[in-house]
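Trainee: Next up is a structure, given as C-alpha cells.
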Amino acid sequence: MPEPQGDVILEITGRVAQRSVHVKLDWESLEALGTHSVSTTTSWTDGMHVFEGVLARDVMAALGAEDVETVRAVALNEYEVSIPVTDFERYDVIFAWAMDGKRLTARDKGPLWIVYPRVEHSELQDEKYDHRWVWQLYRLILP
C-alpha cells in the first residue's frame, strides 16, 4: 500500500504470510478500498442509522491477510479487543467513518468505528459482539 499523504487514520502492524507489516492509512487510502454502507441500530445510539465505511474484509484482503485468524482492535483510549477474522468474512463488518452522512469525529466515536450489521443478523444482537464495536479505532494488530 502507498505511503499516506494525509493524516494517518488507521495503523496496522503485525505479521501477514510470515512477513512483518506496518501499514499507515489515511482517508484517501481507506476510501480507495471502496465504500460500503450498513443500516443498523447500535447499543449506544437511539434508532436506526446509516453507517458508511470500508468493509473490514476488504482491508484484510488488501493486506494479503488470508492466513490471519484474529485481529486486535485498539481504540484511542487503549481499549483493546480480539476479533475473529471470521466475523469479517461472515458479516458485512465495516470500519465506519460516517454516520447518517456526517463524518465521525473523536467526540462521536470516530474517526473510525467498527460497526456490525446487527439488524440483518439477530445473532449479532448479543453482548459478545457489542464488545467488538470498537469506536475511536486507530490500530489493528495482526498476531
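Trainee: Taking S29 as the residue in question, decide whether it is free of Cβ contacts under 8 Å to residues at least 40 places away in the same chain, crowded, with 17+ Cβ neighbours inside 10 Å and of a type in the set (G, A, S).
Mentor: yes
Trainee: Follow-up. Mind counting the residues in region 1-19 that are more than 17 Å from the chain's Cα centre (by Cα), modelled with pLDDT of 85 or more and surrounded by 14 or more Cβ atoms within 10 Å (Cβ to Cβ)?
Mentor: So the count comes out to 2.
Trainee: If you don't mind, there's one more thing I want to ask. Could you look through region 20-40, keep only residues that are modelled with pLDDT under 95 and hydroxyl-bearing (S, T, Y), and pick out the one that is nearest to D58 (Cα to Cα)?
Mentor: S29
Trainee: Oh, and also: Please go through (1) of a type in the set (V, I, T); (2) more than 21 Å from A32 (Cα to Cα); (3) surrounded by 14 or more Cβ atoms within 10 Å (Cβ to Cβ) for V54 and return the number of the only condition it doesn't satisfy.
Mentor: (2)
Trainee: Which number in (1) out of contact with any helix residue (DSSP H, G or I) (no Cβ under 6 Å at 6 or more places or on another chain); (2) under 29 Å from E3 (Cβ atoms) marks the one condition that H131 misses?
Mentor: Going through (1) out of contact with any helix residue (DSSP H, G or I) (no Cβ under 6 Å at 6 or more places or on another chain); (2) under 29 Å from E3 (Cβ atoms) one by one, H131 breaks only (2).
Trainee: Which of the residues belonging to region 60-91 are without any contact (Cβ under 8 Å) to a residue 60 or more places away in the chain and in a helix (DSSP H, G or I)?
Mentor: Hits for region 60-91 are M60, A61, V85, T86, D87, F88, E89, R90.
Trainee: Take R57 and decide whether it is in a helix (DSSP H, G or I), within 15 Å of the chain's Cα centre (by Cα) and within 24 Å of Q125 (Cβ to Cβ).
Mentor: In short, yes.
Trainee: For the structure I just gave you, tell me whether L76 is under 18 Å from Q136 (Cα atoms), within 14 Å of the chain's Cα centre (by Cα) and surrounded by 19 or more Cβ atoms within 10 Å (Cβ to Cβ).
Mentor: no
Trainee: Right, something else. Kindly evaluate R132 against the criterion of being at pLDDT 95 or above and over 14 Å from L10 (Cβ atoms).
Mentor: yes
Trainee: Only one of (1) more than 21 Å from H22 (Cα to Cα); (2) touching a Phe, Trp or Tyr at 6+ places or on another chain (Cβ under 8 Å) is not met by A75, so which one is it?
Mentor: All conditions are met except number (1).
Trainee: Tell me which residues, restricted to region 94-138, are surrounded by fewer than 21 Cβ atoms within 10 Å (Cβ to Cβ) and hydroxyl-bearing (S, T, Y).
Mentor: T105, S122, Y129, Y138
Trainee: Under the condition of being under 15 Å from the mean Cα position of the chain (by Cα) and among the aliphatic types (A, V, I, L, M), which residue from region 33-49 is surrounded by the fewest Cβ atoms within 10 Å (Cβ to Cβ)?
Mentor: L33
Trainee: Follow-up question, since we're still on this one. Report, by residue number, each residue of region 92-129 that is within 15 Å of S37 (Cβ to Cβ), among the β-branched types (V, I, T) and assigned to a loop (DSSP other than H, G, I, E, B).
Mentor: Selection gives V93, V119.
Trainee: For T45, which of the numbered conditions (1) within 20 Å of E11 (Cα to Cα); (2) polar (S, T, N, Q); (3) part of a loop (DSSP other than H, G, I, E, B) fails to hold?
Mentor: So the condition that T45 fails would be (1).
The values are calculated or read from the model by the stated rules, or taken from the named source; none is laboratory data. Worth saying up front: this structure is predicted, and the values here are computed from it rather than measured. Methodologically, a virtual Cβ is constructed for each residue, glycine included, from the backbone with ideal geometry; neighbour enumeration extends over all protein chains shown.
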